[in-house]
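S.K.: Quick one: this structure, given as structure tokens, is what I'll be asking you about.
The values are calculated or read from the model by the stated rules, or taken from the named source; none is laboratory data. Note that this is a predicted model, so its numbers are computed, not measured. A quick note on method: Cβ atoms are made from the backbone with ideal geometry, for glycine too, and the neighbour counts reach across all protein chains shown. Surface accessibility is based on the protein's heavy atoms, side chains included, excluding ligands, DNA and RNA. Shrake-Rupley method; radii C 1.70, N 1.55, O 1.52, S 1.80 Å.
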Amino acid sequence: MFASIRLLTPVFILALFAITIPPAAKPNAVAGLAAWDQVYSVLVSPRCINCHTATNYPQQGDDRHRHFANVVRGPEGFGVPGLNCISCHQESNADSTGVPGGSSWHLAPLSMQWQDVNDRPMSSAAVCRAVTDRSKNEDMDRPALLKHHAEADLVLWAWNPGRRPDGTMRTLPPISHQEFVAATRAWVEAGTPCPKGR
Amino acid sequence: MQPALSRRNFIQLTTAATGGLLISLYLDKPSAIAQQPPPPKVYPPDAFVHVRRDGHIVITVNRLEFGQGVQTALPMILADEMDADWSNVIAELAPAADVYKDPMFGIQRVGGSGSIAHSFQQYRELGAKARAMLVAVAAERWKVTPDQCRTENSVVYGPGNRTARYAELADDAARKPVPQNVKLKNASEFRIIGKRVPRLDSRSKCDGSQKFGLDLDLPGMKIALVAHPPVFGGRVKSIDDRDARSLDGVRDVFEIPLAKGTAVAVVADRFWTAKQARDRLKIDWDLSGVEQADTVQLLARYKQMALADGNVALNRGDVKAMEQISRANRIIAEYEFPFLAHAPMEPLNATVKFEGDKAEAWVPSQFQTMDQVVIAEVLGLKPDKVTFHTEFAGGGFGRRATTDSHIPREAALIAKRLRGTPVKLIWSREDDVRGGYYRPMHVHRVEIGIGRDGMPAAWRHVVVGQSLLAGTPFAMMIKDGVDETAVEGTKDTSYNIPNFRVTVHHPTVNVPVLWWRSVGHTHNAFVMETLVDELATRAKVDPIAYRQKLLKADAKKLHSVLELLDQKSGWRKTLPRGRAAGIACHESFDTAVACAVEVSIENKRPRIHRATVAVNCGLAVNPLTVESQFQGGLGFGLTQLVAKGAITLKDGHIEQRNFDGYAPPYIVDVPVTIDVHIVPSTEPPTGCGEPPVPVISPAVVNALSRLTGKRYRTLPLTII
Amino acid sequence: MAKYRLSVNGSEKAVDVDPSTPLLWILREELKLTGTKYGCGISACGACTVHVDGVATRSCVVPVSLIGKREIVTIEAMANDPVGRAVQNAWVEKDVVQCGYCQSGQIMSAVALLKGTPHPTDTDIEESMGGNLCRCATYVRIREAITTASRQIKGAA
């Protein structure tokens, strides 16, 4: 009896969704959107969004305040001569001095901004659109997005962000990297659906 | 001989923040001033100037060089009277010794913007005496009279084309008696004084060779860091140092007493080792019985106190005249000022070596006499057994002059335990930001009754803030419950306010406080100059014209700078939209300053496009130094306006750690250009170290008020 | 403790130190090159600026273990560099320094700026020098000196 309920539950769910979802949507769109919610929660967490700014500066800290010492984006997102990102940020975390590091530390390009010019995170719909727009995301197709989330050094950094100057550990994104990759995969397999609206 | 200072100036200076009434036994003042001149102290030239065989002239500077340029300006004065070849002059900083004490204050120190003001006459006489002794030797050799000789560029010229270089004459000159009286040059004869002379220490500060206190390296030297209590006055209950001692290179860990409370010293071979060891210490602190100051609570308390009159600093006329003025013609204003840290670029440090019967100290110190005495006390020595070297300092702004000499005291305590080993005590930047000795927080409450002529007719001013002098050796200067340093800039205003009452409350708070470059003027000038500007706006009168009208006629220096500023700031009249001009003027330490700034608002911050400054500092010994001091001083003054320019406390703990939380002005925060104009004067020189600081913040805020229509009475400026 | 061979001002230097030690303290204490200064220890002030493989680097936050074979150049070597010399001469000509403590770092940052942008605009100067703190506030003269130096430098360094 339980087995049949288990078998029937997806049928009921599908039937339900068949009524509520417009015919053009993929059958697993809801799961995809739920997976995107998970992905979005990571993208707008401080460890990621602090470098996806719409301004000429990065942010830092869990309160996402403007990065100290007036560091600026520069023409390519690597800072400016005399004050580059890599003037301080090396290829790996410097826990003894509290400076995070990773491969080629730099700001995400303005096309990859996930907040507005007033430092407010963009909506889930807006970020989703930006992330899936190949004219903005450095031409990443769906498999490339998944690979980026799974393997890119600066992405991985978010789960190994190192110590602050006061000795405490930086906070991690809301889900583990494994969960993040799984959610990305689910979202990708669902055809990277985006929420409607602004 | 020209008088160094008028009696009024002398009295003002001796009651100034940094040292006041230590009436000097060593007044080197000419008899023109006093009825009964005290016997002048003889300053032996050989302690101040040494002519080497190779022709170099080494001039000893009785002040710390910490940016103000004194290691160039004082030698200029001496070299001019001496007719020395400037290109051969080398400056050295004097060690601590009796002969190097400030002639006015009687202790060796730098502060109160007094270096040139107090030593101008002294260094002139030294130069003239040195010259006279050299000429005497030449005259003797040539069998002529000194009158038949003249001097120029380190050469004595005698009759019949005879010449002798100073270097050839120096040894014999040193054996000559020092003349009691010398004739000084007329101002028209100055060849160096009054010229834009580049600094002597420029190159070495550009190529990394200049050594500061922190750079000292001695054989066998150890580094010490101190773990201070997290709340001022706390005491060590227990220490677990096993983790700390396990590090390679840690030499010792032990408790030391502080002026209030106790702390733990860590000594190691290297700075990084000491820092890591200190980070690993597990200290149990006893915080019982110490007040846990909290700036939110203090602010509420201060505002409450400000509602009532305090101790009377000034009562002129009758402020009850206010009652005759309708409410519509009154201004009631409340101002808030935070604690400020000095944060000089070079972290605080002191190096001491104790050898039982004597000691040696190397300190970038603004207070050599006091520091030497304290080191000697700690080590059980007489002060003259402590050889005290004055190192170049990376800034100070008052921080390196504390009445308790707490930095050298800590160093001496540690050196005592490590007898025979030189110990360099370093305060990390975190120690500095959290270590106290701040410009105190203040609240002002002002009520102004405006007369029919638009001028202030009645003015009641209440100041609330800790006394700088209470609990220090200078406490006796507090009269009738008033610490003058809290009201300077208001009480002594040159504005003509007929009914003027200034009172002050001095709460006792468990936060050590200290004079911060320009001291009481930092907050008092802000209040006065923003209120006067508001009055000018209400009266629809140009802000410079209003001030000229409101100032007393005899405020000559202030009138002169306002006039000069008016001439040089014609740009005020043709500003583009979105930009406004702001004006402020102030006299402090006998120097008058007027400033105009051009401001717009960019990214929610004031963007200062330019500043034009007019200065009256009497004779400008080195106009280049004066220009630099004013450009720099304006920038320093903006520490009061930058968004992160506040030290705050919560439950006794300082909330800021380093320059991330307490961020002084960077290049973007200061004017892009600053042009400085000096009123030509032959009056005795007055200081330039502090006078720039008070004017910039009110000038900028006055411009902002014109842009936004708002009044800004809370510092730092976080919202515009 | 670990052994490192560092390239400093063109020479190889062997040190035996705790790997977590910032480069700043290696330079100052092991190699006695005190021209590079300690101002804050958290890269907020720039007093510790050196060049690492030509990149202006804040040595107070870079542990020696992360340097590797990269070439380190300090203020002490600037007199041997044409851009360095031009900057130092401009600094002296314009009487920039006051206490001088921050100036090694200012000069190292300015040299990096001019090597990257030989003819910087006012905005370029402000951005590149924007993270160097000077409590004496010599900023106005720093701007002038950089502009002066840029006129002395012929072409890219």
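S.K.: List the Cys residues of chain A that have no partner Cys with a C-beta closer than 4.7 Å.
M.R.: A:C48, A:C51, A:C85, A:C88
S.K.: Also: Taking each residue in B:324-334, count the Cβ atoms of any other chain within 10 Å of its Cβ, then average. What number comes out?
M.R.: Mean partner shielding for this stretch: 0.
S.K.: Let me ask something additional. When you have a sec, figure out the Kirkwood radius of the range B:473-594 from all distinct Cα pair distances and drop it here in Å to one decimal?
M.R.: 16.3
S.K.: Here's a follow-up. Sorted by average packing, counted as other Cβ atoms within 10 angstrom per residue and highest first, what order do B:666-675, B:414-423 take?
M.R.: So the peptides B:666-675, B:414-423, ranked by packing, come out B:666-675, B:414-423.
S.K.: Per residue, how large is the accessible surface of chain B? Use a 1.4 angstrom probe and give square angstrom.
M.R.: With all protein chains present, chain B gives 36 Å² per residue.
S.K.: Another question about this same structure. With labels modelled as points extended 7 Å from the Cα through the Cβ direction, what inter-label distance (nm, one decimal) is found for B:V42 paired with B:D480?
M.R.: Distance between label points: 4.5 nm.
S.K.: I would also like to ask the following. Under a Cβ-Cβ cut-off of 11 Å, what is the net charge of the residues other than B:A620 that fall near it, where Lys and Arg count +1 and Asp and Glu count -1?
M.R.: Taking every Cβ under 11 Å from that of B:A620, the sum is 0.
S.K.: Here is a follow-up. Quick one: Kirkwood hydrodynamic radius for chain C, alpha-carbon pairs, angstrom, one decimal?
M.R.: One decimal place: 15.6 Å for the Kirkwood radius.
S.K.: At the nearest 100 Å², what buried accessible area, both sides summed, do you get for C and A when the probe is 1.4 Å?
M.R.: 1700
S.K.: Here is a further query. Over the range B:588-720, what is the mean sequence separation of C-alpha contacts under 8 Å (at least six apart), divided by residue count, expressed as relative contact order in percent?
M.R.: 40
S.K.: Given a cut-off of under 8 Å on Cα pairs at least six residues apart, what relative contact order in percent is computed for chain A?
M.R.: Relative contact order of chain A: 27 percent.
S.K.: Of all the Cα-Cα pairs you can form in the range A:32-145, what percent are over 19 Å apart?
M.R.: 48
S.K.: Given the C-alpha centroids of the range C:128-153 and the range B:465-539, what is the distance between them in whole angstrom?
M.R.: Going from one Cα centre to the other spans 36 Å.
S.K.: List the pairs from C:K69/C:K94; B:K424/B:K491; B:K644/C:K37; B:K260/B:K282; B:K205/B:K604 whose alpha-carbon separation is above 32 Å, in the order I gave them.
M.R.: C:K69/C:K94; B:K424/B:K491; B:K205/B:K604
S.K.: Right, something else. Between B:N153 and B:S681, how high is the FRET efficiency from 1/(1 + (r/R0)^6) when r is the Cβ-Cβ distance and R₀ = 22 Å? Nearest 0.05.
M.R.: Result of the calculation: an efficiency of 0.20.
S.K.: Mind checking the mean number of beta-carbon atoms from other chains within 10 Å of the Cβ atoms in B:339-347?
M.R.: For this peptide, the per-residue mean of nearby foreign Cβ atoms is 5.
S.K.: What is the average number of partner chain Cβ atoms found within 10 Å of a Cβ in B:630-640?
M.R.: Per residue, the average neighbour count from other chains is 3.
S.K.: Which whole-number percent gives the relative contact order of chain B, counting Cα pairs below 8 Å spaced six or more residues apart?
M.R.: 14
S.K.: Remind me, what semi-axes does the protein assembly as shown give for its equivalent ellipsoid, largest first in whole Å, using sqrt of 5 times each Cα gyration tensor eigenvalue?
M.R.: Its equivalent ellipsoid spans semi-axes of 54, 36, 29 Å.
S.K.: Which semi-axes, in whole Å and largest first, does the equivalent ellipsoid of the range A:86-192 have when worked out from the alpha carbon gyration tensor as the square roots of 5 times its eigenvalues?
M.R.: Three semi-axes, in Å: 26, 17, 14.
S.K.: What's the buried accessible area, both sides, between B and C using a 1.4 Å probe, rounded to 100 Å²?
M.R.: 4800
S.K.: So what's the net charge close to C:M129: Lys and Arg +1, Asp and Glu -1, counting the other residues with Cβ under 13 Å from its Cβ?
M.R.: Summing Lys/Arg as +1 and Asp/Glu as -1 gives -4.
S.K.: Around A:A108, with a cut-off of 12 angstrom between Cβ atoms, what is the net charge of the other residues, counting Lys and Arg +1 and Asp and Glu -1?
M.R.: Here the count lands on 0.
S.K.: At a 1.4 Å probe, what is the % contribution of carbon and sulfur to the accessible area of the range B:367-509?
M.R.: Heavy-atom surface of the range B:367-509 belonging to carbon and sulfur, 1.4 Å probe: 48 percent.
S.K.: Leaving out ligands and nucleic acids, and using a 1.4 Å probe, what accessible area per residue does the range C:2-75 come to in Å²?
M.R.: 31
S.K.: With no solvent and one equal point scatterer placed on each C-alpha of the range C:77-156, evaluate the Debye formula and give log10 I(q)/I(0) for q = 0.13, 0.16, 0.19 Å⁻¹, two decimals.
M.R.: Each listed q maps to, in turn, -0.31, -0.48, -0.70.
S.K.: Which of the peptides B:195-206, B:690-701 is most tightly packed, and how do the rest follow, judged by the mean count of other Cβ atoms within 10 Å per residue?
M.R.: The most tightly packed comes first, giving B:690-701, B:195-206.
S.K.: Taking the Cα centroid of the range B:546-613 and of the range B:53-118, what is the distance between the two, rounded to the nearest whole Å?
M.R.: 33
S.K.: Which value, in Å² and to the nearest 10, is the accessible area of B:I332 when all protein chains are kept and the probe is 1.4 Å?
M.R.: Probe radius 1.4 Å; accessible area of B:I332 about 80 Å².
S.K.: Write down the Kirkwood hydrodynamic radius of chain A, to one decimal in angstroms, obtained as one divided by the mean of 1/r over all alpha carbon pairs.
M.R.: Answer for chain A: a Kirkwood hydrodynamic radius of 18.4 Å.
S.K.: So, one more: Using a 1.4 Å probe on the protein heavy atoms only, what accessible surface does B:E334 show? Give it in Å² to the nearest 10.
M.R.: 60
S.K.: Here's another thing I want to ask about it. Between B:R242 and B:D294, how high is the FRET efficiency from 1/(1 + (r/R0)^6) when r is the Cβ-Cβ distance and R₀ = 41 Å? Nearest 0.05.
M.R.: Calculated value: 0.75.
S.K.: Using only Cα atoms and rounding to the nearest 10 degrees, what angle (0 to 90) does helix A:177-189 make with the longest principal axis of chain A?
M.R.: 50
S.K.: A further question follows. What whole-number volume per residue, in cubic angstrom, does the convex hull of the C-alpha atoms of the range C:2-75 give?
M.R.: Value for the range C:2-75: 74 Å³ per residue.
S.K.: Enumerate the aspartates and glutamates that C:K154 could reach by cross-link, defined here as Cα to Cα under 16 Å, with residues fewer than 8 away along the same chain left out.
M.R.: C:D81
S.K.: Something else: Using all alpha carbons of chain B, what is the percent of pairwise distances in each 20 Å bin, ordered from the shortest bin to the longest?
M.R.: All Cα pairs considered, the percentages come to 17, 48, 30, 5, 0.
S.K.: Also: Accessible area per residue for the range C:99-139 in Å², computed with a 1.4 Å probe and the full protein assembly in place, what is it?
M.R.: Result: 20 Å² of accessible area for each residue.
S.K.: Could you give the angle, 0 to 90 degrees to the nearest 10, between helix C:82-93's Cα long axis and the longest principal axis of the Cα atoms of chain C?
M.R.: 60
S.K.: Quick one: which bits of the range C:73-95 get at least 30 Å² less accessible when the partner protein chains are in, versus the chain alone, with a 1.4 Å probe?
M.R.: C:Q88, C:V92, C:D95
S.K.: Still on this structure: Working from Cα positions, state the angle (0 to 90°, nearest 10) between the long axis of helix C:103-116 and the longest principal axis of chain C.
M.R.: Approximately 70 degrees, to the nearest ten.
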